[in-house]
Amino acid sequence: MQLADKYSPELIEQKWYDFWIENNLFHSEPDAREPYTIVIPPPNVTGMLHMGHMLNNTLQDVLVRRARMQGKNACWVPGTDHASIATEAKVVAKLKAEGIDKASLTREEFLKHAWEWKEKHGGIILQQLRKLGASCDWERTCFTMDEERSASVLKVFVDLYNKGRIYRGVRMVNWDPSAQTALSDEEVIYKESQGKLYYLRYMIEGSDKYIVVATTRPETILGDTALCVNPNDERYKDLPADARVIVPLVGRSIPVIRDEYVDLEFGTGALKVTPAHDVNDYMLGEKYGLEAIDIFNDNGTINDKVGMYVGVDRFECRKVIEGDLTAAGLMEKVEPYTNNVGYSERTGVAIEPKLSMQWFLSMEELAKPATAAVLEDVIKFVPTKYKNTYRHWMENIKDWCISRQLWWGHRIPAYYMPKGGYVVAETAEEALRLAQEKDASITMADLRQDEDVLDTWFSSWLWPISVFDGIRNPNNPEIEYYYPTNDLVTGPDIIFFWIARMIMAGYEWRNEKPFSNVYFTGIVRDKLGRKMSKQLGNSPDPLDLIAKYGADGMRIAMLMSASAGNDVMFDEALCEQGRNFCNKIWNAYRLVNMWEVDATIAQPEASKQAITWFDEVMLERIERINHLMAQYRISEAFTELYRLFWDDFSGWYLEMVKPAYQAPIDAKTLASTKHYFDQLLRLMHPFMPFVTEEIWQDLKPEGEVKSIVVAEQPKAEREANAAIIARFGLAQEVISAIRNIRKQKNIAQKEALALNYIADENYPAEFEAVIVKMGNIKEVATVVEKDPTAAAFIVKTTQYFVPMEGNIDKEAELKKLGDDLTYYEGFLSSVMKKLSNERFVSSAPEKVVANERAKQADAEAKIAALKAQIAALQ
RNA sequence: GGGAGCAUAGCUCAGCUGGUUCAGAGCAUCUGCCUUACAAGCAGAGGGUCAGGGGUUCGAAUCCCUUUGCUCCCACCA
């Protein structure tokens, strides 16, 4: 095959992806092999691929491809999430842009639009994943709102309801006035916000005195139903027990109550109580039987309950009321104030605490086995630091508000009967049957299904089970085979939303963990450490990067910087490095590929020696990579490969076996070289699938499988011989020293040099041919005398001389030797200090002491050699 | 307010149970090379008081305490 001198990913990536799909290499069916399963964290169905997905899916693909090559039955299940609130918001915005108000549509009409939107944009993200090379089993693609998954959700809801875990009630919930739905606690993000603290005067009834109350939300005075002070507060000691105050502007008379909840230190020690709009006030309201006056409409404007500021937005109202209070002389003062305000994760608007009727899931029982599983490492977290976070949340778990006042999602399967009461059932027919048990006269037309849908996470928490239909058919062969899954790769930001709940669901419906390991990725940031965001415009389009550097280049960029749990500082330069590495592999293959074999020539000694060494290197690195991968040190495992291929294989091995220009190569060396190349490609394939497949297809041995995707991963059959590697290291140092001499003396590589040495046990005679070839040495000889006219160097204890015919700078040589001598003398003295220390020798382990003694011997020999050279020069 | 984590070369990070010439890698920088696989390359070089302070130890980047700086998570103080 004739190869271009640059690797061009754009010419081959699509070809091989198509090839993999045509040959069905990513598809899995249960069989006798050990399964290896990953379920994808389903991205939002109408979302676009961003850098976070790149990182996450690259890592998953590495794990899956490696498992597949290790002979496991690898199954990576892809899919998308319906993302209830996010998708509904997008559809609402799209309709608005077309001049259609959601409120003007029926549920059915809206859902029609939503499904159209989903059909149009849905799955784009999965197409994008193919560009990355993701080896998902696309035949298994799931959607959280497809028929199977929807049925699973309803089944689970009914099951929990029947177990008494789901209840319905009026509670204070987080209300999103933009999406106009309740949210779970996890969907609220608290941020420090600059606000004001307003000091309002509440006139005491029947007096011209007043009590000053500090509040950040003066507009909520409309809903005030009490004023509260601490019973121990001296300032309010004289206030009669039945004192009442007048709500400013509103004129309503409210009682003054006393409760130790009120902080004496804050503000004036007086608290206005608005039970409908503050969680704490709500609890006070419950305790003292106060009325809760809800003053807001669902969209955050003031309603007509009080008859003031009707229809005005809550923030606008705050401004207006500030003016009105000031005008009325009821504003004591206003101070700047920083406080924590909750914002909706999805729509970004400030959350309004609101009393409303919602569905809740009681979590306490669910949490128990799930907490234990992680604490006892039945499920391992990588890195482990997230165990703490998890434990804390699980041990303080609160009930989950699962209802959302949206249309896009799984509609709650509760059916209300005309005379009150409701039934919960998976189907309308079943609901009717249940209803008729209570009242035989009820017909289908009488039943009214709950309008709300379920929280998105109420479907995704079933994901590892539901993708194998394990909710509806708990004994089906697929779930039995693939579950529990092996690894979950995701971000720590969804540890509560998703991971914790999947674990709970796993134990609830399978009585088994959903996965064995959770690998937490970091957040992808730009090189300045900023989060990538649309607003900053610092988020590159991953597809552009793939087009520019190739999918492999992109994957390498992600791998280079991604140690588990650490944020990724993304820099486009890393993509370039990735691309360069692909090119390196490509060119190495070009070299090997152009060699002509001549079966008649004998194997050169240097090649034999190179092979002796490289056999051990391969063994050592495979072992190391296996070890790193077992610890999920994926980035480091890749670095090992990078250096193995670039430095050891290309930089050393290929150079050692490379025949002279246009000279043929012997058959043995070529066979070994191709074997190494084959092994290296297999090792690298999980990390960089495209370039490895392209080359492997050309290189692969006769009778091999049709794709590297299913080729066997190399194994380390025995332990590497460390002594060989160490001895070769001496030869490398000799070569390096010769190169240095050439550089210093400005001697071209083409010019052959002579090399003399004083023989001792540290001379790597078994790699002499390599030294000769790599150093371009015309002859090697042992000498007994030092040669003052030669450029000299020492490796370990062996003295070497490159004759220079007097062309040496004596002063410079002496200085260099002197510097070395100083260093080694210092080194020796520090070693001696240790060895002469009685306590060191007696308390340090034997191995360490032996090591120090070896250091001593080496240093002494080295010093002797240096001194000899210095003497010879002088 | 509570908790967790981080701080090592200009940048991004390794450094595992305290002990190997332990102070490392990649990138960047500098020097020399368009050497017939690769300039997307090759051969070299410089660069760190391991955040500051204290302690434990024969021995500390590593363990403990403390100060400073940063990050994240949790929490209803109006």
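Across the range A:272-293, what is the total count of residues that are assigned to a loop (DSSP other than H, G, I, E, B) and either surrounded by fewer than 16 Cβ atoms within 10 Å (Cβ to Cβ) or on the phi > 0 side of the Ramachandran plot (or both)? Of the residues in the range A:272-293, 2 are assigned to a loop (DSSP other than H, G, I, E, B) and either surrounded by fewer than 16 Cβ atoms within 10 Å (Cβ to Cβ) or on the phi > 0 side of the Ramachandran plot (or both).
Can you tell me how many residues within the range A:69-108 are closer than 30 Å to A:TYR481 by Cβ, small (Gly, Ala, Ser) and out of contact with any Ser or Thr (no Cβ under 8 Å at 6 or more places or on another chain)? Walk me through it before giving the result.
Start the filter on the range A:69-108 by keeping residues that are closer than 30 Å to A:TYR481 by Cβ, which leaves A:69-83.
Filter once more, keeping what is small (Gly, Ala, Ser): A:71, A:74, A:79, A:83.
So of that shortlist, the ones also out of contact with any Ser or Thr (no Cβ under 8 Å at 6 or more places or on another chain) come out as A:71.
Total meeting the criteria: 1.
Residue count for the range A:659-678 under the criterion of being out of contact with any strand residue (DSSP E or B) (no Cβ under 7 Å at 6 or more places or on another chain), at pLDDT 95 or above and either near RNA strand B (Cβ under 10 Å from one of its atoms) or of a type in the set (A, V, I, L, M) (or both): the result is 1. So, A:THR389, is that one in contact (Cβ under 8 Å) with a residue 24 or more places away in the chain and either aromatic (Phe, Trp, Tyr) or on the phi < 0 side of the Ramachandran plot (or both) or not? Judged against the criteria, A:THR389 is a match.
Give the residue that is least open to solvent (accessible area, probe 1.4 Å), with candidates limited to residues of the range A:619-649 that are near RNA strand B (Cβ under 10 Å from one of its atoms) and more than 14 Å from A:PHE687 (Cβ to Cβ). Steps first, please.
The initial filter retains those residues of the range A:619-649 that are near RNA strand B (Cβ under 10 Å from one of its atoms), namely A:624, A:627-628, A:631, A:633, A:635-636, A:639-640, A:642-643, A:645-647, A:649.
Pick out the ones that are also more than 14 Å from A:PHE687 (Cβ to Cβ) and you get A:624, A:627, A:631, A:647, A:649.
Details: A:ARG624: 92, A:HIS627: 110, A:GLN631: 85, A:ASP647: 72, A:PHE649: 0 Å².
Only one residue tops the list, namely A:PHE649.
Checking each residue in the range A:455-502 for being acidic (Asp, Glu) and crowded, with 20+ Cβ neighbours inside 10 Å picks out A:ASP455, A:ASP487.
Among the residues of the range A:391-407, which ones are touching a strand residue (DSSP E or B) at 6+ places or on another chain (Cβ under 7 Å) and either open to solvent by less than 30 Å² (accessible area, probe 1.4 Å) or within 16 Å of RNA strand B (Cβ to nearest atom) (or both)?
If we filter the range A:391-407 for residues that are touching a strand residue (DSSP E or B) at 6+ places or on another chain (Cβ under 7 Å), which is where we start, we get A:399-407.
Selection gives A:ASP399, A:TRP400, A:CYS401, A:ILE402, A:SER403, A:ARG404, A:LEU406.
For the range A:820-874, the tally of residues that are surrounded by 13 or more Cβ atoms within 10 Å (Cβ to Cβ), more than 7 Å from RNA strand B (Cβ to nearest atom) and not in a helix (DSSP H, G or I) stands at 0.
Of all residues in the range A:294-307 being over 44 Å from the mean Cα position of the chain (by Cα) and open to solvent by less than 50 Å² (accessible area, probe 1.4 Å), which is nearest to A:GLU352 (Cα to Cα)?
First, pick out the residues of the range A:294-307 that are over 44 Å from the mean Cα position of the chain (by Cα): A:303-307.
Subsequent filtering for residues that are open to solvent by less than 50 Å² (accessible area, probe 1.4 Å) retains A:303, A:306.
Details: A:ASN303: 14, A:VAL306: 18 Å.
My answer is A:ASN303.
Taken together, A:ALA573, A:ALA547 contain a single residue that is out of contact with any helix residue (DSSP H, G or I) (no Cβ under 6 Å at 6 or more places or on another chain), of a type in the set (Gly, Ala, Ser), within 8 Å of RNA strand B (Cβ to nearest atom) and part of a helix (DSSP H, G or I), which is A:ALA573.
Among the residues of the range A:1-31, those identified as of a type in the set (D, E, K, R) and either touching a His at 6+ places or on another chain (Cβ under 8 Å) or within 16 Å of RNA strand B (Cβ to nearest atom) (or both) are A:ASP5, A:LYS6, A:GLU10, A:GLU13. Between A:LYS209, A:LYS237, A:LYS191, the distinction of being open to solvent by 50 Å² or more (accessible area, probe 1.4 Å), farther than 21 Å from A:CYS317 by Cβ and within 13 Å of RNA strand B (Cβ to nearest atom) belongs to A:LYS191 only.
Across the range A:35-43, a minimum of one residue is classified as farther than 21 Å from A:LEU183 by Cα, open to solvent by 30 Å² or more (accessible area, probe 1.4 Å) and in a strand (DSSP E or B). If you go through the range A:281-336 and keep only what is under 19 Å from A:THR181 (Cα atoms) and among the charged types (D, E, K, R), you end up with A:ASP294, A:ASP298, A:ASP313, A:ARG314. Residues in the range A:349-376 that are open to solvent by 20 Å² or more (accessible area, probe 1.4 Å), more than 15 Å from RNA strand B (Cβ to nearest atom) and within 28 Å of the chain's Cα centre (by Cα): how many? Going through the range A:349-376 one residue at a time, the tally reaches 5.
Based on this model, can you work out whether A:ASP263 counts as surrounded by fewer than 22 Cβ atoms within 10 Å (Cβ to Cβ), at negative phi and in contact with a helix residue (DSSP H, G or I) (Cβ under 9 Å, 6 or more places away or on another chain)? Taking the combined requirement at face value, the residue does not satisfy it.
The selection criterion, being open to solvent by 60 Å² or more (accessible area, probe 1.4 Å), at pLDDT below 95 and either touching a Lys or Arg at 6+ places or on another chain (Cβ under 6 Å) or outside any loop (DSSP other than H, G, I, E, B) (or both), holds for A:GLU335. Exactly one residue out of A:SER650, A:SER607 is more than 15 Å from A:LYS584 (Cα to Cα) and not in a loop (DSSP other than H, G, I, E, B): that is A:SER607.
The values are calculated or read from the model by the stated rules, or taken from the named source; none is laboratory data. Keep in mind the model is a prediction, meaning the values are calculated, not measured. Cβ: placed from backbone, ideal geometry, glycine included. Neighbour counts: every protein chain shown. Quick note on the areas: whole protein, heavy atoms, side chains included, nothing else; ligands and nucleic acids left out. Shrake-Rupley method; radii C 1.70, N 1.55, O 1.52, S 1.80 Å.
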